[in-house]
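Visitor: First the structure, which I've put down as structure tokens, then a few questions once you've had a look.
The values are calculated or read from the model by the stated rules, or taken from the named source; none is laboratory data. Since we're looking at a predicted model, the values are computed, not measured. Using ideal geometry, Cβ is built from the backbone for each residue, glycine included, and neighbour counts are taken over all protein chains shown.
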Amino acid sequence: MTVCKKVVLRFGAEIVDKPIIYSLIKEYGLIPNILKAEINPHKEGYLVMEVTGENEQYADGVEFLHSMGISVDALDQEVVWLKEKCTQCGLCTGLCPTQALIMNRPSMTVTFDGDKCIVCEMCLKSCPAKAVALNF
């Protein structure tokens, strides 16, 4: 059975130079889709990605990541846009790195595409009307 899961990988500086994504593809037949990453030499890093593959391949890939000292957390939360609370100010649209929140022109109305959201929480911090919330 094919699965597609969003996960957050966290790893130490000693792993930054390892071909982790290559191994997931080549050794485990998984298809990663990197949504967000912060990876710097000599520092901890994190990676938010969707991983698609067969159940067994996914389990084996996660086991490999754990063996490398990488923590793998499911991205269980999602951002919910409360349209009725939105004042259409557009502050969130300028900060959204994936364009999950966009300002439609010429109508100047905000819309939200949850499939594009990577739960970076930038919109939560920027919304004066509290029209975005986390759903666990």
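Visitor: Kindly provide the set of residues from region 89-102 that are on the phi > 0 side of the Ramachandran plot and exposed (fewer than 14 other Cβ atoms within 10 Å of the Cβ), ordered by number.
Guide: Start the filter on region 89-102 by keeping residues that are on the phi > 0 side of the Ramachandran plot, which leaves 90, 99.
If the condition is that a residue be on the phi > 0 side of the Ramachandran plot and exposed (fewer than 14 other Cβ atoms within 10 Å of the Cβ), then 99 is the only one that fits.
Visitor: Test of understanding: among 38, 84, which residue is within 21 Å of residue 127 (Cβ to Cβ) and at pLDDT below 95?
Guide: Working: 38 fails: within 21 Å of residue 127 (Cβ to Cβ).
Unique residue meeting the criteria: 84.
Visitor: Please find, among 84, 78, 44, the residue that is closer than 24 Å to residue 25 by Cα and either surrounded by fewer than 13 Cβ atoms within 10 Å (Cβ to Cβ) or touching a Gly at 6+ places or on another chain (Cβ under 9 Å) (or both). If you could, list the steps in order and put the result at the bottom.
Guide: Details: 84 fails: closer than 24 Å to residue 25 by Cα; 78 fails: closer than 24 Å to residue 25 by Cα.
Step by step, each of 84, 78, 44 is checked, and only 44 is closer than 24 Å to residue 25 by Cα and either surrounded by fewer than 13 Cβ atoms within 10 Å (Cβ to Cβ) or touching a Gly at 6+ places or on another chain (Cβ under 9 Å) (or both).
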